[in-house]
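The values are calculated or read from the model by the stated rules, or taken from the named source; none is laboratory data. Here the structure is a predicted model, which is why all the values come from computation and not from measurement. All Cβ positions, glycine included, derive from the backbone under ideal geometry; neighbour counts span all protein chains shown.
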Amino acid sequence: MARYTGPKSKIARKFREPIFGPDKALERKNYPPGMHGASKRRGKQSEYAIQLMEKQKVKYTYGVLERQFENLFHTASSKEGITGENLLKLLEARLDNAVYRLGIAPTRSGARQLVSHKHITVNGEVVNIPSYSLRAGDVIAVRERSQTLEAVTNSVSARRINKHTWLEWDPNNFTGKFLNYPNRDEIPENIKENLIVELYSK
């Protein structure tokens, strides 16, 4: 399955949530897309359909492909603790997500592009793999020659006070640190991870 590159508003309307950020189209049309619009009567969803939709929502939110997601789930289930929470922690530890959370890019897709184009380093080494899994203490930085990129400067200048306690940001040096995995209550996304665990347990 290739990465989705179509209209993001359409996906946001499908889940009725601004999973890619503020969306005026979603505000105007807070109902699923389709030729019949809001008037179409939709049948009751099955338990499987609800679970599958939750999984798809998480994949779109974090920009993860099917095989990557399955691998993350199996890793999460093999760790100690609650599988659903472990899964979200692993998603939050992805390099592209950390770049987004630090405010270096305004969106996860933008963060993915910065990483892929070799604008980001981890512990002083260039890493161009968006799915790279961070560990506690890893230092994420914008390469010196990339710090003047308009996309980076605009995003950093719009950055507000650090809202994520598991990350540390140094605005003077364009560097951040991944302090630790976040607790479940620190992850702001509206995700029912228990539905995903139930889906995979069938």
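A few points about this structure:
- Residues that are more than 19 Å from Arg112 (Cα to Cα) and among the aliphatic types (A, V, I, L, M) within the range 159-190 comprise Ile161, Leu179, Ile187, listed in sequence order.
- Taken over the range 133-172, the criterion of being touching a helix residue (DSSP H, G or I) at 6+ places or on another chain (Cβ under 8 Å) and within 23 Å of Asn86 (Cβ to Cβ) is satisfied by Ser133, Leu134, Ile140, His164, Thr165, Trp166, Leu167.
- Hits in the range 95-114 (condition: assigned to a loop (DSSP other than H, G, I, E, B) and more than 11 Å from the chain's Cα centre (by Cα)): Leu102, Gly103, Ile104, Ala105, Pro106
Yes or no, residue by residue, for (1) touching a Lys or Arg at 6+ places or on another chain (Cβ under 7 Å); (2) among the basic types (Lys, Arg); (3) modelled with pLDDT of 95 or more; (4) exposed (fewer than 15 other Cβ atoms within 10 Å of the Cβ):
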| site | (1), (2), (3), (4) |
| --- | --- |
| Ser116 | no, no, yes, yes |
| Val126 | yes, no, yes, yes |
| Val142 | no, no, yes, no |
| Ser155 | no, no, no, no |
| Ala158 | no, no, no, yes |
| Trp169 | no, no, no, no |
| Lys177 | no, yes, yes, no |
| Pro182 | yes, no, yes, no |
| Pro188 | no, no, no, yes |
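- Sole residue being surrounded by fewer than 21 Cβ atoms within 10 Å (Cβ to Cβ), of a type in the set (Gly, Ala, Ser), at pLDDT 95 or above and in contact with a helix residue (DSSP H, G or I) (Cβ under 9 Å, 6 or more places away or on another chain), chosen from Ser9, Ser77: Ser77
- Of all the residues in the range 158-202, those that are assigned to a loop (DSSP other than H, G, I, E, B), closer than 16 Å to Leu134 by Cβ and in contact with a strand residue (DSSP E or B) (Cβ under 8 Å, 6 or more places away or on another chain) number 2.
- Exactly one residue out of Arg101, Arg145 is charged (D, E, K, R) and either closer than 18 Å to Asn180 by Cα or touching a residue at least 24 places away in the same chain (Cβ under 8 Å) (or both): that is Arg101.
- Residue in the range 49-64 that is modelled with pLDDT under 95 and outside any helix (DSSP H, G or I) present: yes
- Residues located in the range 63-110, provided they are within 12 Å of Glu193 (Cβ to Cβ) and of a type in the set (Phe, Trp, Tyr): Phe73
- Qualifying positions in the range 57-78 - within 8 Å of the chain's Cα centre (by Cα) and farther than 19 Å from Ala111 by Cβ: none
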